[in-house]
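Here's the structure we're looking at; comments come further down.
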Amino acid sequence: MVTLQNAESVLKTVYLDVVSNQLNTEINPFLAKIKQSTEDVWGKEVRKLAPFGINGGIGAGTEDGNLPSAYGNQYVQFVSTLKNLYGTIEISDKAIRASSSSVGAFVNLLNAEMEGLLKASTFNLGRMLYGDGSGVVASVTLAGTGSCVVDSVRNLIEGLAVDVYQDLEKTSSSKRISAIDRDTKTVYFADSTLAVQTNSKLYVQGSYNNELTGLSAIFSNSQTLYGVDRTAHRWMKPYVKAVDGDITEIVMQQAIDRLEEVNGSKVDFIVCSAGVKRNFQDYMLSFKRNIDIMELNGGYKALTFNGIPLISDRFVGSGEMYLLNSADFRLHQLCDWKWLENEQGRILRQNQGKPTYTATLVKYAELVCDRPAGQAKLSGITES
């Protein structure tokens, strides 16, 4: 007979390892390339020494002259708070009792819940990798009641719950998106009485300034990154170039050469929007050039540019392309994905006042780029 105790045992012993592996390697090709480590985690923070430049104790001289002066390596300390990443499933008491006499039915129930969790996590973690850490997903361009028009819908999906902020003040919490008209960029809410003002912003529920430090933060114009003043340390600024037209091999190679010559960085991953990828394909086809295909870890397929995988991702901004050295990135974590447990070690908890049970996966982590200047971004590329 299936019981809550059986369910907890299965979630702990069977599903945890499988789901953890899928969340780490199979939800996003960029995330699959990033190494994950428990090093440099101190309490609730990531603290790591990042070297820059070279050792200065070199030089040439005469046969009996002075030796070069000794200069050690140069370091700065990165400091960033571990982010709290959650994923929750919910099972009703009725569903558990209905499947209590059938192991197969209960397994199907858990499979459906875990697949839903993976789908939601695929969207949310993928979005965070390219975000700025703020949790913002859209800006409102036209006010409405029960709906609104936003600047972009690429970070939105049906079912997503959002908080609404106006002038940095929260005006509404956990409002679920019921439908999206992607042609008109109109968002419809389950709460038909919700009034949304122009210039307000939508954030993933509870995520305001609580997300991973993604690529948008690394390539932003913010003065500080990981607690380091980027004005004083110019090597903290990545290479950015506005293309303002079609992508070409020369433009891409110029960025790759710049990174290698100035920073010793070897690009091993290129990611862009779908429209930019089509523009690249059009360019190659115009010269009747074949485009090779390669398979990445996790089963992803990618185009190639001089042997470097090139993929598109829905969360990359329109007209943008990133050229990255994945070896410079680390996902620092306190531990891998774990079930949130109470004092008695229980992971399934009844929702107060409701006949439902929830279980929550948690991971405390932060994404850190050791060498921001070793990364490049091309913008203003024509979308095909």
Review point. Taking segment 104-160, which residues are under 26 Å from Glu320 (Cβ atoms), among the aliphatic types (A, V, I, L, M) and in a helix (DSSP H, G or I)?
Key: Ala120, Leu125, Met128, Leu129
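Let's see how each residue does on (1) assigned by TED's automatic domain parsing to the domain that holds Glu113; (2) crowded, with 18+ Cβ neighbours inside 10 Å:
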position: Gly307; (1), (2): no, no
position: Asp313; (1), (2): no, yes
position: Val316; (1), (2): no, yes
position: Glu320; (1), (2): no, yes
position: Asn325; (1), (2): no, yes
position: Trp337; (1), (2): yes, yes
position: Glu343; (1), (2): yes, no
position: Gln352; (1), (2): yes, no
position: Pro355; (1), (2): yes, no
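Check segment 336-357 and report whether any residue there is under 30 Å from Gln74 (Cα atoms), in contact (Cβ under 8 Å) with a residue 40 or more places away in the chain and assigned to a strand (DSSP E or B).
In the first step, residues of segment 336-357 are kept if they are under 30 Å from Gln74 (Cα atoms); the result is none.
So far as segment 336-357 goes, no, none of its residues is under 30 Å from Gln74 (Cα atoms), in contact (Cβ under 8 Å) with a residue 40 or more places away in the chain and assigned to a strand (DSSP E or B).
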Review point. Mind checking which residues of segment 168-198 are under 23 Å from the mean Cα position of the chain (by Cα), under 12 Å from Leu156 (Cβ atoms) and surrounded by fewer than 16 Cβ atoms within 10 Å (Cβ to Cβ)?
Key: Arg176, Arg182
Practice item. Quick one: in segment 259-277, of everything that is under 23 Å from the mean Cα position of the chain (by Cα) and surrounded by fewer than 19 Cβ atoms within 10 Å (Cβ to Cβ), which residue is farthest from Thr122 (Cα to Cα)? Key: Lys266
Exercise for review: List the number of the failed condition for Arg349; all other conditions in (1) within 23 Å of Lys83 (Cα to Cα); (2) touching a Phe, Trp or Tyr at 6+ places or on another chain (Cβ under 7 Å) hold.
Suggested key: (1)
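The values are calculated or read from the model by the stated rules, or taken from the named source; none is laboratory data. It should be emphasised that the depicted structure is a prediction, and the values quoted were computed from it without experimental measurement. Virtual Cβ from ideal backbone geometry, glycine too; neighbours counted across all protein chains shown.
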